Amino acid sequence: AAAEQLASKSKPEPDSEPKSKRRKSAVKPVETDSEAAAAAAAAAGSSAAAASGTKRGRGKASSDEALPDAADADAAADKRARAGSEEVTGAVAAFKPKQKLRICFTCFDEDGKDMKVLVDRQKLALVKLGAVMVEDAADIGSCAVCVVDEKTIKRTVKLLIAISNKVKLVKSTWVTACQEKGCLVSEDEYLLKGYFSSDAKSSVTWSFNANKYALDGAGVCFEGLSFLLSANVKPKKEDMKLIIESAGGKVVQRAPETSGAEETWFYAVIQKGDKLSGVSEKNQSVISPEKLLLAVMQQNPALLRSK
């Protein structure tokens, strides 16, 4: 009976799952304490060697680098993605939309009610097409286009500032063309051309060659020159200062001390009837406002010293 009981215990028990669903399992041998310690030491040594080899591989030249593992590949991909994102962000930050065309009007005879209404309508039409209208003389230098009435050219403060800042002078027909086409058209076909001069009945004399200006533009004809203005100079001091500075000159508050030699860089602009203290007419040039304005209009500083 004891033998039969022992035999029954040695028989395997039937599986509860079919053979197709049986899971394979590895039988792990039983280790002694000394064997387990030796195996752990060997595994630790292998890990340290692998880590040391990886560090050495990364420190070598690119041709000797080991192939990155999956973690390194993911890190590299993330770095490339961040670099691409930063590049796009930088490009967006550097992008600046095209500035709107800044325009001014001058030389129009706006004393008449009809002309003023016409000019206001033209300005409104240009604004609707995306332009920016500039009215302040101090901001004329920021304009790209100055619309003038070629039939009534006048020596205005705005025109003189526009000339010194190389602003394109266009005829009023340019505005009409923009209205007809529904957009801001090129100014090149509508540039002011011809020779203009003061009216015979005018108390001042001036001339302007628009053909030369259209080809050559203008510039800072008063660069390196200083001017002292008398109290009642005309145009008024504020406007005269804008005209001089637009042409590259400088307005000073007092005459420099003379060295006795002729000074070609300083001019005293004195309105008829005014006086300026500290000015030596022997060594320093005294000119009229008209001479200064003519020099700006023709962009010719030599006219300041003409008789």
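The values are calculated or read from the model by the stated rules, or taken from the named source; none is laboratory data. As the structure is a prediction and not an experimental result, all values here were calculated from the model. With ideal geometry, Cβ positions are generated from the backbone for all residues, glycine too; neighbour counts draw on all protein chains shown. Only protein heavy atoms, including side chains, enter the accessible area calculation; ligands, DNA and RNA are left aside. Shrake-Rupley method; radii C 1.70, N 1.55, O 1.52, S 1.80 Å.
Numbers below:
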read-out: Boolean, LEU292 is in contact (Cβ under 8 Å) with a residue 12 or more places away in the chain, outside any loop (DSSP other than H, G, I, E, B) and under 19 Å from LEU159 (Cβ atoms); value: yes
read-out: Segment 140-154 residues that are touching a residue at least 60 places away in the same chain (Cβ under 8 Å), paired with ones that are of a type in the set (Gly, Ala, Ser) and open to solvent by 10 Å² or more (accessible area, probe 1.4 Å) (beta carbon under 7 Å, 6 or more apart); value: GLY141/SER246
read-out: Within segment 247-284, tally of residues that are at pLDDT 85 or above and either more than 19 Å from LYS237 (Cα to Cα) or open to solvent by 60 Å² or more (accessible area, probe 1.4 Å) (or both); value: 7
read-out: Residue match in segment 76-96 (condition: at pLDDT below 95 and surrounded by 11 or more Cβ atoms within 10 Å (Cβ to Cβ)); value: yes
read-out: Filter result (open to solvent by 30 Å² or more (accessible area, probe 1.4 Å), assigned to a loop (DSSP other than H, G, I, E, B) and touching a residue at least 24 places away in the same chain (Cβ under 8 Å)) within segment 232-246; value: ASN232, LYS234, PRO235
read-out: Answer from ASP120, ASP72, ASP114 - the residue that is modelled with pLDDT of 60 or more, more than 29 Å from ASP149 (Cβ to Cβ) and out of contact with any Cys (no Cβ under 6 Å at 6 or more places or on another chain); value: ASP72
read-out: Verdict on LEU129 being in contact (Cβ under 8 Å) with a residue 12 or more places away in the chain, in contact with a Cys (Cβ under 7 Å, 6 or more places away or on another chain) and farther than 26 Å from LYS291 by Cβ; value: yes
